[in-house]
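**Q** To start, I am sharing the structure in question, which I have written as structure tokens.
The values are calculated or read from the model by the stated rules, or taken from the named source; none is laboratory data. Since the structure is predicted, the reported quantities are computational estimates derived from the model, not experimental observations. Note: ideal-geometry Cβ built from the backbone for every residue, glycine included; neighbour counts use all protein chains shown. Please note that ligands, DNA and RNA were not included when accessible areas were found on the heavy atoms of the full protein model with its side chains. Shrake-Rupley method; radii C 1.70, N 1.55, O 1.52, S 1.80 Å.
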Number of protein chains: 2
Amino acid sequence: MKKLINKPDDVVTEALQGMAAAHPDLLRVSFGPNYIVRADAPVQGKVALVSGGGSGHEPMHGGFVGMGMLDAACPGDVFTSPTPDQMIEATKAVDGGAGVVHIVKNYTGDVMNFEMAAELARGEGIEVEAVVIDDDVAVQDSLYTAGRRGVGTTVLAEKICGAAAEEKQSLQQVAELCRRVNVNGRSMGMALTSCIVPAAGTPTFQLGEDEIEIGIGIHGEPGRERRKLAPASEIVESLATPVVEDLPYEEGDQVLAFVNGMGGTPAIELYIVYNELHKLLEERGIKIARNLIGSYITSLEMAGTSITLLKLDDELTRLWDAPVRTPGLRWGA
Amino acid sequence: MKKLINKPDDVVTEALQGMAAAHPDLLRVSFGPNYIVRADAPVQGKVALVSGGGSGHEPMHGGFVGMGMLDAACPGDVFTSPTPDQMIEATKAVDGGAGVVHIVKNYTGDVMNFEMAAELARGEGIEVEAVVIDDDVAVQDSLYTAGRRGVGTTVLAEKICGAAAEEKQSLQQVAELCRRVNVNGRSMGMALTSCIVPAAGTPTFQLGEDEIEIGIGIHGEPGRERRKLAPASEIVESLATPVVEDLPYEEGDQVLAFVNGMGGTPAIELYIVYNELHKLLEERGIKIARNLIGSYITSLEMAGTSITLLKLDDELTRLWDAPVRTPGLRWGA
């Protein structure tokens with residue numbers, strides 16, 4: 001295992017220390033239980049957004065804490081759900097009296113722990129709405145999931161709902177918006193290589209020198225099929241076709257196209273993927289009105305990509321364009 | 001070789017097509033000869049900045065074209081200098097009557113071709129100033145270089161000089177500023193793994209399962225030494241100590257600290273590196289006033305990191321903070 005780390009057990013703590021040292025203008029980090037809140041939390045009268053999940057998917061979620069996106073993030077150990085006490089402490093730290101939305105990726109541990117935290121928070125008089133993201137069309141159930149897994153649409157939901165909260169939309173409005181983003185978002189990913197969880201020290205799964213995994217999960221969970229390495233055009237078709245046909249996205253639709261790197265894939269390859277996706281959608285009469293290209297929801301150092309489409313309307317587009325200022329995503333501020 | 005590409009020979013062209021499709025609001029791409037210019041080029045009365053170099057270092061340079069940074073970038077083949085005709089065409093396309101600064105990384109081919117292009121441009125009545133960046137403290141001469149190589153400081157010079165040009169500073173002022181950034185910037189990098197040039201299909205160099213290369217070049221050129229894998233704290237000390245002691249950076253200095261990923265290294269590791277660098281500089285009484293953490297000058301899918309320090313003054317800080325809007329670096333706009 002070759003990584004830029006010290007002790008495997010200290011990876012999450014030290015990365016959080018690095019974030020705290022790097023971004024005091026944007027966020028604060030609490031240790032024990034671990035959570036990250038925006039520097040000016042709680043913002044009075046604003047709905048607060050809290051997300052979280054296993055570490056190893058950076059910049060998601062901690063890198064999305066800041067103005068116009070998340071109020072708090074709860075990082076678990078690598079590929080391990082955060083605990084309810086992290087979530088309840090984060091929820092209390094950011095509650096500004098207008099309620100809190102929990103954005104939860106659909107993994108059994110995350111869902112269960114966020115449910116417990118929401119109940120505890122309600123017991124303390126905080127209004128909580130939970131929204132589960134389950135946008136991955138690859139498989140129905142999986143190693144850690146009943147139903148579809150939550151992946152790339154989470155990033156878009158956090159950005160769009162963060163903008164709505166900034167506008168002082170109500171708890172019900174922000175939660176409803178988040179559900180709308182989830183309903184209109186679909187994703188699928190693939191891996192060229194496995195990744196290594198630091199505490200394990202060995203690859204999560206084995207993939208031959210000429211093999212790829214289509215429909216991979218962000219923890220290396222099995223996808224739809226393992227097949228021989230193929231040109232980018234074929235790989236993009238394998239990902240985008242099931243995504244497009246699932247909603248379905250149709251001729252005349254305007255979409256946000258998000259080409260994500262899994263952590264070990266450089267920008268030059270992501271632009272080749274984007275080029276193929278652009279051609280494929282153009283042929284179907286689907287217009288990419290906005291895009292996001294980069295590594296935003298990762299699987300440690302895995303090489304690979306995922307494609308997310310979000311069907312846009314005027315409100316979603318306006319909220320996507322609104323200013324955001326976080327370590328991982330920033331514009332207009 | 002596992003990459004998200006089609007034919008190895010088409011990598012650069014297709015990545016450029018992807019950029020053109022993704023960012024029509026920011027830039028335009030010309031093919032044959034290949035160059036990228038900002039969407040509103042030429043900007044009348046503004047000094048224009050042109051850079052370029054081999055592809056494989058994305059987002060540098062094409063991803064830094066846009067308001068507040070480069071006016072044009074000339075991408076060569078992977079790890080291959082662009083040609084003078086790319087540079088002269090790009091220079092002519094962005095000249096707004098106030099002169100053009102060529103920002104050149106110190107590699108023999110780049111320097112020679114930019115010199116030829118500058119001469120041709122002057123012959124056509126365009127004022128050109130060239131500034132060579134040579135900030136890599138690892139080695140004096142190398143495989144492709146007489147003198148020190150140009151690495152991470154290039155990114156900072158492009159941002160800072162782009163802001164100065166946007167303020168309508170003169171050709172002499174912008175060129176002088178660029179030299180000042182170079183004089184105050186120092187870098188060193190390391191690799192955990194090699195990278196594979198698509199047309200070659202095999203790793204550029206061999207590194208054992210437990211080996212790292214300290215002082216690596218961005219094309220995989222040999223560095224200072226090959227040694228056994230070590231904890232992040234030791235690796236950061238091996239990079240930062242020669243960097244700090246070269247200028248030298250001293251107690252009381254304010255610096256911009258740039259922790260760069262080489263392409264295959266995820267954010268979680270870069271934050272661990274940043275944490276170590278922050279501690280090391282704090283012990284020496286050097287204050288990190290600004291930072292940049294991410295993969296901005298890469299070596300294809302190489303795993304590794306580089307550290308760049310830039311000694312700041314009020315003007316450099318102000319220009320760093322100014323709005324920028326490019327695919328690779330964006331804030332305040």
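**Q** Looking at A:CYS178, A:CYS195, can you tell me which residue is away from chain B (no Cβ under 13 Å) and in contact (Cβ under 8 Å) with a residue 12 or more places away in the chain?
**A** Selected residue: A:CYS178, the only one of A:CYS178, A:CYS195 that is away from chain B (no Cβ under 13 Å) and in contact (Cβ under 8 Å) with a residue 12 or more places away in the chain.
**Q** Condition first: surrounded by fewer than 24 Cβ atoms within 10 Å (Cβ to Cβ) and of a type outside the set (A, V, I, L, M). Now tell me which residues in segment A:127-137 satisfy that.
**A** A:GLU127, A:GLU129, A:ASP134 - these are the residues of segment A:127-137 that are surrounded by fewer than 24 Cβ atoms within 10 Å (Cβ to Cβ) and of a type outside the set (A, V, I, L, M).
**Q** To continue, here is another question. Quickly run through segment B:250-303 and pick out the residues that are more than 7 Å from chain A (Cβ to nearest Cβ), within 16 Å of the chain's Cα centre (by Cα) and farther than 23 Å from A:LYS2 by Cα.
**A** Across segment B:250-303, the qualifying residues are B:LEU256, B:ALA257, B:LEU292.
Conditions tested, residue by residue: (1) modelled with pLDDT under 95; (2) among the polar types (S, T, N, Q); (3) touching a Gly at 6+ places or on another chain (Cβ under 7 Å); (4) closer than 18 Å to B:ASP10 by Cα.
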{"site": "B:ALA41", "(1), (2), (3), (4)": "no, no, no, no"}
{"site": "B:GLY53", "(1), (2), (3), (4)": "no, no, yes, yes"}
{"site": "B:ASP71", "(1), (2), (3), (4)": "no, no, no, no"}
{"site": "B:ASN106", "(1), (2), (3), (4)": "no, yes, yes, no"}
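**Q** Residues in segment A:138-156 that are out of contact with any Phe, Trp or Tyr (no Cβ under 7 Å at 6 or more places or on another chain) and surrounded by fewer than 21 Cβ atoms within 10 Å (Cβ to Cβ): how many?
**A** Final tally of qualifying residues: 6.
**Q** Let me ask you something else. Do you know which residues across segment B:304-330 are in a loop (DSSP other than H, G, I, E, B) and facing chain A (nearest Cβ under 10 Å)?
**A** B:PRO323, B:PRO327, B:GLY328, B:LEU329
**Q** Scan A:GLY18, A:GLY52, A:GLY32 and give me the residue that is free of Cβ contacts under 8 Å to residues at least 24 places away in the same chain and farther than 24 Å from B:LEU239 by Cβ.
**A** Criteria check complete, one pass: A:GLY32.
**Q** Follow-up question, since we're still on this one. Only one of these is crowded, with 21+ Cβ neighbours inside 10 Å, within 29 Å of A:ARG179 (Cβ to Cβ), aliphatic (A, V, I, L, M) and within 12 Å of another protein chain (Cβ to nearest Cβ): A:MET60, A:MET69. Name it.
**A** Answer to the check: A:MET60.
**Q** Let me ask you something else. Would you mind finding the one in A:ALA191, A:ALA240, A:ALA199, A:ALA163 that is among the small types (Gly, Ala, Ser) and open to solvent by 30 Å² or more (accessible area, probe 1.4 Å)?
**A** Within the list A:ALA191, A:ALA240, A:ALA199, A:ALA163, the selection yields A:ALA199.
**Q** Residue check: is B:GLU234 within 11 Å of chain A (Cβ to nearest Cβ), of a type in the set (D, E, K, R) and either touching a residue at least 40 places away in the same chain (Cβ under 8 Å) or surrounded by fewer than 20 Cβ atoms within 10 Å (Cβ to Cβ) (or both)?
**A** yes
**Q** Being open to solvent by less than 10 Å² (accessible area, probe 1.4 Å) and within 14 Å of chain A (Cβ to nearest Cβ) is the filter here, so list the residues in segment B:24-53 that pass it.
**A** Across segment B:24-53, the qualifying residues are B:LEU27, B:ILE36, B:GLY53.
**Q** Consider B:ALA333 against the criteria (1) in a loop (DSSP other than H, G, I, E, B); (2) away from every other protein chain (no Cβ under 13 Å): it satisfies all of them except one. Which criterion is unmet?
**A** For B:ALA333, the failing item is (2).
**Q** When you scan segment A:73-88, how many residues do you find that are touching a Gly at 6+ places or on another chain (Cβ under 7 Å) and among the β-branched types (Val, Ile, Thr)?
**A** Residues meeting the conditions: 2.
**Q** Is it the case that some residue within segment B:297-305 is surrounded by fewer than 24 Cβ atoms within 10 Å (Cβ to Cβ) and either at pLDDT 95 or above or in the same structural domain as B:GLY63 (by TED's automatic domain parsing) (or both)?
**A** Within segment B:297-305, none of the residues are surrounded by fewer than 24 Cβ atoms within 10 Å (Cβ to Cβ) and either at pLDDT 95 or above or in the same structural domain as B:GLY63 (by TED's automatic domain parsing) (or both).
**Q** I'd like to check something: does segment B:86-97 contain any residue that is of a type in the set (Asp, Glu), open to solvent by less than 10 Å² (accessible area, probe 1.4 Å), within 21 Å of B:HIS23 (Cβ to Cβ) and assigned to a helix (DSSP H, G or I)?
**A** No, there is no match, as no residue in segment B:86-97 is of a type in the set (Asp, Glu), open to solvent by less than 10 Å² (accessible area, probe 1.4 Å), within 21 Å of B:HIS23 (Cβ to Cβ) and assigned to a helix (DSSP H, G or I).
**Q** Still on this model: Looking at segment B:286-296, is at least one residue within 23 Å of B:VAL139 (Cβ to Cβ), open to solvent by 30 Å² or more (accessible area, probe 1.4 Å), in contact with a Pro (Cβ under 8 Å, 6 or more places away or on another chain) and not small (Gly, Ala, Ser)?
**A** Yes: segment B:286-296 contains one or more residues that are within 23 Å of B:VAL139 (Cβ to Cβ), open to solvent by 30 Å² or more (accessible area, probe 1.4 Å), in contact with a Pro (Cβ under 8 Å, 6 or more places away or on another chain) and not small (Gly, Ala, Ser).
**Q** Just one of the numbered conditions (1) open to solvent by 60 Å² or more (accessible area, probe 1.4 Å); (2) at pLDDT 95 or above is not true of A:ASN184; which one?
**A** Only one criterion in (1) open to solvent by 60 Å² or more (accessible area, probe 1.4 Å); (2) at pLDDT 95 or above is unmet by A:ASN184, namely (1).
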